[in-house]
Amino acid sequence: MTKALVIPPKEELEAKYSQYGSTISQLAREYKTSQPTMRNWLKKYDIKRKDHIQASTEANNRKRLNPPAKEILERLYSNNSLEQLESIFNVGQQTIYLWLDQYDIKRKTLSEACKAGKGRKWESIIPNKDDFTSAYKELKCMKGLQSKFELSISSIRKLFKQYELEPIQALRSLPEIKLYNALSSSTGLKWDSCDRSVINPYELDLVCRERNLAVEYCGLYWHSEYMGEKIKDYHLKKLNACLEKGYNLITVFEYDDMDKVLSLIKGKLGFNTKINARDCEVVILDSAEAKAFNDANHMHGHHGASFHLGLKHNDELVQVLSMGMSRFNKSYEWECVRMTIKLNTSVIGGASKLFSHFIKMKNPSSMITYSDRRFGEGKVYENCGFKRVENSGPNYWYFHRSNPNTVSSRVTFQKHKLTEMIGYDPELTEWEIMKASRYDRIWDCGNSKYVWNK
């Protein structure tokens, strides 16, 4: 009897074919099927087929082009912009950077790169006054103008002077400005922006001195390791510096849900609607109810767990505890996978009531949980009898430069998976492979680990 073929998930097939450049014949060999069958799978998933030229080009790129001689690359790089090198060698930006790394050629700063591109006439690259003024009124920030017109900050300032416009002093992104406005209007507190006095010489995007709270808004491009040149412990250093000064720091990434961010910050400041846990009823939830609540209210959405408890206030679900088997440390019987509160709500004593009820029902011998330090130190667990045992180092998250709104865990791109999926030279590291595939990564602040023992 012939064994039935298992069709791979659409996301997997689409990633290998569209994103990583595998050909139909390569995919057919990988999945041990015929090319006509593979074409049928692509059609079934409505994945657009490549023409012959595109498929051949991508297949060649997957093998990585041999770099030019070091002296040639060094000479051309010193006298040309990155865009000009891309045109000269007919490769992408990440390939150029990979070659530079291989030869240990120091990358230019943004200002140096702009100077190297001065072969183009100034008049040919600047926007006209009407376009620049219109963008200025819309974006109201230099970083936004810099990104839109692909110019250096010094060039943007030059255009302010040339077009007789009043320059913006603070380098603020549009989302950061929106967050500032939302916090100012919803809390009524005074927020300072672009502050260097708290942890000098580091800058903090938003500071509320009245409540000793600071907020960092991190665009993925500017705060990434490769393009933004933010090293592994950059965000952690800022967090630790704030804690030493008696400030709490919330580190917001570009892809975070702003409604959830606002709820989190207002909760820390005491501006959310307050409910007493003694006025709530403990209920057992099924997975579907817990998932819907966690996706709508938790910063990281839902994660699978085997047991869910909830608090209901006037028949409305206001808090959820999701417990499961310990994922990373099998020495503990249970792991608190999610502790989630309804947006714009604070349940006084809610976590303690849920844990107490769980302990009575399941009689656990030990529990473990992790708190994302980007959003706080997890003191709620200490109030529930947990003990903080350590802080982990920063974790990194990958994103494709064409889509900075979507990040993926490093687990998705482990080296053994990459060499199988993309076929890169196994001598390369995971990070080298990802850079060559036009990915960058951003580092967080690590986690706090809390444990409870009977």
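The values are calculated or read from the model by the stated rules, or taken from the named source; none is laboratory data. Because the structure is predicted, anything quoted here is derived from the model rather than measured. Counting neighbours? That spans all protein chains shown, and the Cβs are built from the backbone with ideal geometry, glycine included.
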Taking the stated definitions as given, is Asn200 surrounded by fewer than 17 Cβ atoms within 10 Å (Cβ to Cβ), modelled with pLDDT under 90, outside any strand (DSSP E or B) and out of contact with any Ser or Thr (no Cβ under 9 Å at 6 or more places or on another chain)?
-> yes
Whichever residue in segment 431-449 is farther than 23 Å from Lys237 by Cβ and of a type in the set (Ser, Thr, Tyr) and, among such residues, is modelled with the lowest pLDDT | Ser437
Can you tell me which residues in segment 116-170 are under 25 Å from the mean Cα position of the chain (by Cα), modelled with pLDDT under 70 and part of a helix (DSSP H, G or I)?
-> Leu139, Met142, Lys143, Gly144, Gln146, Ser147, Ile153
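Rundown of residues vs (1) more than 20 Å from Val252 (Cβ to Cβ); (2) in the same structural domain as Asn297 (by TED's automatic domain parsing); (3) within 23 Å of the chain's Cα centre (by Cα); (4) not in a strand (DSSP E or B), yes/no style:
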| site | (1), (2), (3), (4) |
| --- | --- |
| Glu335 | yes, yes, no, no |
| Leu343 | no, yes, yes, yes |
| Val347 | yes, yes, no, no |
| Lys353 | yes, yes, no, yes |
| Ser356 | yes, yes, no, yes |
| Ile359 | yes, yes, no, yes |
| Phe375 | no, no, yes, yes |
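Per-residue answers, yes or no, for (1) on the phi < 0 side of the Ramachandran plot; (2) surrounded by fewer than 20 Cβ atoms within 10 Å (Cβ to Cβ); (3) modelled with pLDDT under 95; (4) under 17 Å from the mean Cα position of the chain (by Cα):
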| position | (1), (2), (3), (4) |
| --- | --- |
| Lys178 | yes, yes, yes, no |
| Cys194 | no, yes, yes, no |
| Asp205 | yes, no, yes, no |
| Ala214 | yes, no, no, no |
| Tyr221 | yes, yes, yes, yes |
| Val282 | yes, yes, no, no |
Of all residues in segment 372-393, which are touching a Phe, Trp or Tyr at 6+ places or on another chain (Cβ under 7 Å) and closer than 21 Å to Ala214 by Cα?
-> Gly378
Residue count, segment 402-430 (criterion: buried (at least 17 other Cβ atoms within 10 Å of the Cβ) and either modelled with pLDDT of 80 or more or under 12 Å from the mean Cα position of the chain (by Cα) (or both)) = 3
May I ask you to list the residues in segment 284-315 that are touching a residue at least 24 places away in the same chain (Cβ under 8 Å), surrounded by 18 or more Cβ atoms within 10 Å (Cβ to Cβ) and not in a strand (DSSP E or B)?
-> Ala290, Phe293, Asn294, Asn297, His298, His302, Ala305
For Ile231, which of the numbered conditions (1) among the hydrophobic types (A, V, I, L, M, F, W, C); (2) surrounded by 17 or more Cβ atoms within 10 Å (Cβ to Cβ); (3) in a loop (DSSP other than H, G, I, E, B) fails to hold?
-> (2)
